[in-house]
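Here's the structure, in structure tokens; my notes come after.
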Protein chains: 2
Amino acid sequence: MSVTSPLGFVAAGVHAGIKASGDLDLALVATADAVPVAAAAVFTQNLACAAPVQVSRGHLAATGGRAAAVVLNSGNANAATGEAGLAVARETCALVAAGLGCAPEEVLVCSTGLIGIPMPIDPFRTGVPAVVAGLRPQGGADAATAIMTTDTVAKEATATSGGVTAGGMAKGAAMLAPDMATMLAVVTIDAEVDPAVLQRSLQAAVDVSFNRLTVDGCTSTNDTVIVLANGQAGAAEEAVVGRLLSEVTGSLAAQMCADAEGATKVVRVEVRGAATDQEAAVAARKVAQSQLVKCSWYGRDPYWGRVLSELGSAGVRLDLGALSIAYGGDVVSRGSVEVEHDHVAVTDHMAGRSIILTCDLGVGPGSWWLLTNDLTHAYVDENMGTS
Amino acid sequence: MSVTSPLGFVAAGVHAGIKASGDLDLALVATADAVPVAAAAVFTQNLACAAPVQVSRGHLAATGGRAAAVVLNSGNANAATGEAGLAVARETCALVAAGLGCAPEEVLVCSTGLIGIPMPIDPFRTGVPAVVAGLRPQGGADAATAIMTTDTVAKEATATSGGVTAGGMAKGAAMLAPDMATMLAVVTIDAEVDPAVLQRSLQAAVDVSFNRLTVDGCTSTNDTVIVLANGQAGAAEEAVVGRLLSEVTGSLAAQMCADAEGATKVVRVEVRGAATDQEAAVAARKVAQSQLVKCSWYGRDPYWGRVLSELGSAGVRLDLGALSIAYGGDVVSRGSVEVEHDHVAVTDHMAGRSIILTCDLGVGPGSWWLLTNDLTHAYVDENMGTS
């Protein structure tokens, strides 16, 4: 049930001294024999991308899609840290490479935490040897714990099909929006996969998992999803690889949504009847990122007028005479007016942990869904200060 | 200091019975002699626009830009109310026209309040005669009070130049975002202005006032800004008309921002050094609508890393090596890293009621500014339930 569930992967998590709390803050995921394997990644589209994103992107390009390890820290995003931050990210890879006996370019690096704080190298000089020494097949849980920031629980997932296993870990919590993942995740798989196929499969998996998640509409500086495929379970069809990666990333995305900062609700926003899938996605995002709609969910209030208003201002085609809005399958508005419905059933649905909002725009075959959350006092508390 | 400050306008506000609280809920602004004058309006771009928006748009088209009165109610937006809502809006205009002795098409109508609640006609049947009977040159304040919803103070403004006076009233508070105003406003001016010039002048004024305001990124179903020009102070140059309308709408927009739901801060987001003004506007909006950045402001925290992250994901051109971020004129980040700065001055600035955030993207001559607010516990409280 972790990033070390597939054959031939090891991991560890230690406290290197980046977090003042003394919690685990440095994670390492590696092939058990430290030999590089097929690797692929999807990175943030944020132009202000962090130093580790720049370094990992360069390393993957230099190796043509191979890596032996991923080193990750929490407590400091190493973003907006200039040349000094790049030097730290590069030296971190070099320290891991020295410990494992591979080339520095065969190590990928990720950071998460505060933006704009200079990243010290000292914790890595002592922490990397410790985390290398701790590598073991049972180390997945420690690694997943060591990448947590405001997460309240570690996120791990695994999936198996036809003798092939994929596993993964992730951190989330806030600064989360689609395009792309706005979080860190490492996925492993023991199938033999060509790097190009792996990249294609990962992108497809991300598109239906992390890219369907928006907590707050904010796309971070550090988003990275990395997959390593070591081939220890033999060759697998691309379809199998794709399904396993989608399953693992889908589970991790759902876990992130469930543990989003301050959230009391997980909301699945479904838009159907749009002119195109693209327009459905735009409409879903407009609703999912609406402060007013999110506050309603927190108050367990199905106030559909706000949903209609967001759809109307989303910039997509819709038929006001045919449009419908439903909570938990109960249609509350049709043709842009309220309709008779079971108020008790809707109230019960809004009171639960999971809400399903379905909007039919009434104009075409396009559809999309997104996972999101409510906007709560606790979210405000969490983000009033630097966190 | 009100919508009746210009020569020849009267107004009134009464309780017609729409608000259960017994507060004033029906307002009327009219020419003193009930003769139609030049009129222009800017309406919401929301496709799910309310019945009064549809009716007012039709009336202005039918008269070629002339009106004798604007009738407005609070307590119910008459939005998402179908054919029945349209009938109520039309009958409201007819009732006012009968009372004043003008044509129904010469009356414009606005509503604000809850969306999706059937609008009763009875309050208008008794309220319209009462509000017509109450019309007087000193009635501006009552009218401004009668259009309030969650506003805590009435919004009024006036401006004078070369013997010409403009006055206005507005309501705001939430569901406020640029493009367009996301509120109701009536502006009067005693200059003689051709309807086409009036429309052009109003649009220009709205572009630099209401369209520079975003409280929560939500564009409502009912946004309407109407101007009536009765010519009683004689002809005026287009430049004078434009300046006066901009001054009045600018004041009203600032008052709205100051009274936004739950807000403790008024924040002016300035973006310079963008490739184009359009890109500066996109970047400013991305920052102004960021839940994370808004929460920082509430906590008086200048956390510039979140600002940088929003700029980086805004989809506009920027030079990370030249980019700077300043609070209250104190540069806290330059070249995407933190720089030495006066922490006491920045802390003092963040503690005040008004914050000025300046972002220089370092690539061109484009600039833009927006007014916005912080995201607070009180905003969540206000919007957890239907309001």
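Just a few scattered comments:
- Surrounding net charge for A:Ala141, when Lys and Arg each add one and Asp and Glu each subtract one, Cβ distance under 12 Å: 0
- Residue (of A:Val128, A:Ala38, A:Val193) at the positive-pole extreme of the stretch A:9-258, dipole from beta-carbon charges: A:Val128
- From least to most packed, judged by other beta carbons within 10 angstrom and beginning with the fewest, B:Ser246, A:Ser74, A:Ser161 follow the order A:Ser161, B:Ser246, A:Ser74.
- Take each residue of peptide B:75-81, count the partner chain Cβ atoms within 10 Å of its Cβ, and average: the result is 3.
- Theoretical FRET efficiency, 1/(1+(r/R0)^6), r = Cβ-Cβ of B:Ala275 and B:Val208, R0 22 Å, to 0.05: 0.55
- Model label sites at A:Ser354 and B:Met1, defined 7 Å from Cα along the beta-carbon direction, differ in position by 5.7 nm.
- For the protein assembly as shown, taking Cα atoms only, Rg and Dmax work out to 28.8, 93 Å respectively.
- Cut-off 15 Å, label 7 Å out along Cα→Cβ of A:Ala130, residues of the stretch A:26-46 by amide N: A:26-28
- For B:Thr264, inter-copy separations between label points set 7 Å beyond Cα along the Cβ vector come to 2.1 nm, shortest first.
- Rg/Rg_ref, chain A, where Rg_ref = 2.2 N^0.38 Å and atoms are Cα: 1.02
- Helix B:122-133 vs. chain B, principal-axis angle (Cα, 0 to 90°, nearest 10): 80 degrees
- Percent antiparallel among DSSP beta bridges (both partners in the stretch B:266-384, rounded to 5): 70 percent
- DSSP beta bridge pairing in the stretch B:53-202, given as percent antiparallel to the nearest 5: 70 percent
- Residue and distance (whole Å) for the chain B Cβ nearest the axis that superposes B on A: B:His377, 3
- Shielding of A:46-55 by partner chains, average beta-carbon count, 10 Å: 4
- Arranged from fewest to most other beta-carbon atoms within 10 Å of their beta carbon, A:Tyr303, A:Tyr379 become A:Tyr303, A:Tyr379.
- Shape of the stretch A:266-384, Cα gyration tensor, a/c cut at 1.5: oblate
- Normalised size of the stretch A:65-174, defined as Cα radius of gyration per 2.2 N^0.38 Å with N residues, equals 1.13.
- The stretch B:1-124: C-alpha gyration tensor shape, a/c 1.5 cut-off, then a/b vs b/c: oblate
- Cα centre as origin, Lys/Arg/Asp/Glu Cβ charges: the protein assembly as shown dipole, Debye: 140 debye
- Label-point spacing at B:Ala20 relative to the other copies reads 4.9 nm, in ascending order, each point sitting 7 Å out from Cα along Cα→Cβ.
- Between this copy and the others, label points of A:Asp122 are 7.7 nm apart in ascending order, each placed 7 angstrom from Cα in the Cβ direction.
- Sorted by Cβ neighbour density within 10 Å, fewest at the top, the residues B:Met183, A:Met350: A:Met350, B:Met183
- Label-to-label distance, nm, for residues given as B:Ala87 and B:Asp23 (7 Å Cα→Cβ offset): 3.0 nm
- Looking at chain B, the DSSP beta bridges with both ends there are about 70 percent antiparallel.
- Degrees separating the helix A:51-63 axis from the principal Cα axis of chain A, which is the longest one: 70 degrees
- Compared with the dominant Cα axis of chain A, that is its longest principal axis, helix A:82-100 is turned about 60°.
- Evaluated over the protein assembly as shown, the count of Lys pairs having alpha-carbon atoms less than 20 Å apart is 20 (only pairs 8 or more residues apart or interchain).
- Test item: Cα-centred dipole of chain A, Lys/Arg +1 and Asp/Glu -1 on Cβ, debye: 280 debye
FYI, it's all coordinate maths here, none of it is from the lab. What you see is a predicted model, and the numbers here were worked out from it, not measured in a lab. When we count neighbours, we look across all protein chains shown, and the Cβ atoms used for this are built from the backbone with ideal geometry, even at glycine.
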